[in-house]
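Reading through the structure tokens given below for one structure.
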Amino acid sequence: MNKYDSIATWLLTYPNIGEWLYFNVSNVEVDNVSLNSVSGERTLVKFNDGSAECELTFAVSMFKSYDTGTSDINLNALHECENLADWCEEQNAIRNLPTFTGSTVNEIKILDSVPDVAVDNEQGIAKYMIQGKINFLKNRR
């Protein structure tokens, strides 16, 4: 299982994510969620024993209906994205983290205090995106 498989499996334990998680595909339909690679694995520090401290940045996009009126639709969609970010941080606090083969995951951080939002006016759908970063120790080979 590669790192993105592990992140996807972990994210699917979030109660409101649904049963399917797209990867690097943004299927623009209400309630779809996708996991997206942002950058490759980055080495922060190499140690003499061959191990290395690394990080991997990822994004999660949630597609929700939006409203140009005064309803709570937009606010509820924003809250759902914030709930996912809070859940990720709670999982970090209790050490329920993705498992990377040959590595020890140290922590996960959510990088955005507010999600990025993009609107598709034709379809009436908004994309809410947050980014996270996983810090891990890659064991020596």
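Any read-out appearing in this document is the output of simple, stated calculations on the displayed coordinates, not a laboratory observation. Everything quoted here is computed from the prediction, not taken from an experiment. Neighbour counts run over all protein chains shown; Cβ positions are idealised from the backbone, glycine included.
Yes/no per residue for (1) free of Cβ contacts under 8 Å to residues at least 12 places away in the same chain; (2) surrounded by 12 or more Cβ atoms within 10 Å (Cβ to Cβ); (3) assigned to a loop (DSSP other than H, G, I, E, B); (4) not β-branched (V, I, T):
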| position | (1), (2), (3), (4) |
| --- | --- |
| S71 | yes, no, yes, yes |
| L78 | no, yes, no, yes |
| E89 | no, yes, no, yes |
| R95 | yes, no, yes, yes |
| V105 | no, yes, no, no |
| D112 | no, yes, yes, yes |
| V119 | no, yes, no, no |
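Only residues that are out of contact with any Ser or Thr (no Cβ under 7 Å at 6 or more places or on another chain) and part of a loop (DSSP other than H, G, I, E, B) were counted in region 28-49, giving 9. If the condition is being touching a residue at least 24 places away in the same chain (Cβ under 8 Å) and either among the charged types (D, E, K, R) or more than 16 Å from L84 (Cα to Cα) (or both), then region 12-42 contributes S26, N27, V28, E29, V30, D31, S37, V38, E41.
From the set of residues in region 43-64 that are in contact with a Lys or Arg (Cβ under 6 Å, 6 or more places away or on another chain) and of a type in the set (D, E), which is nearest to D86 (Cα to Cα)? Among those residues, the one meeting the criterion is E55.
Among the candidates A85, A59, A52, A126, the residue that is within 16 Å of N16 (Cβ to Cβ) and either touching a residue at least 40 places away in the same chain (Cβ under 8 Å) or in contact with a Ser or Thr (Cβ under 9 Å, 6 or more places away or on another chain) (or both) is uniquely A85.
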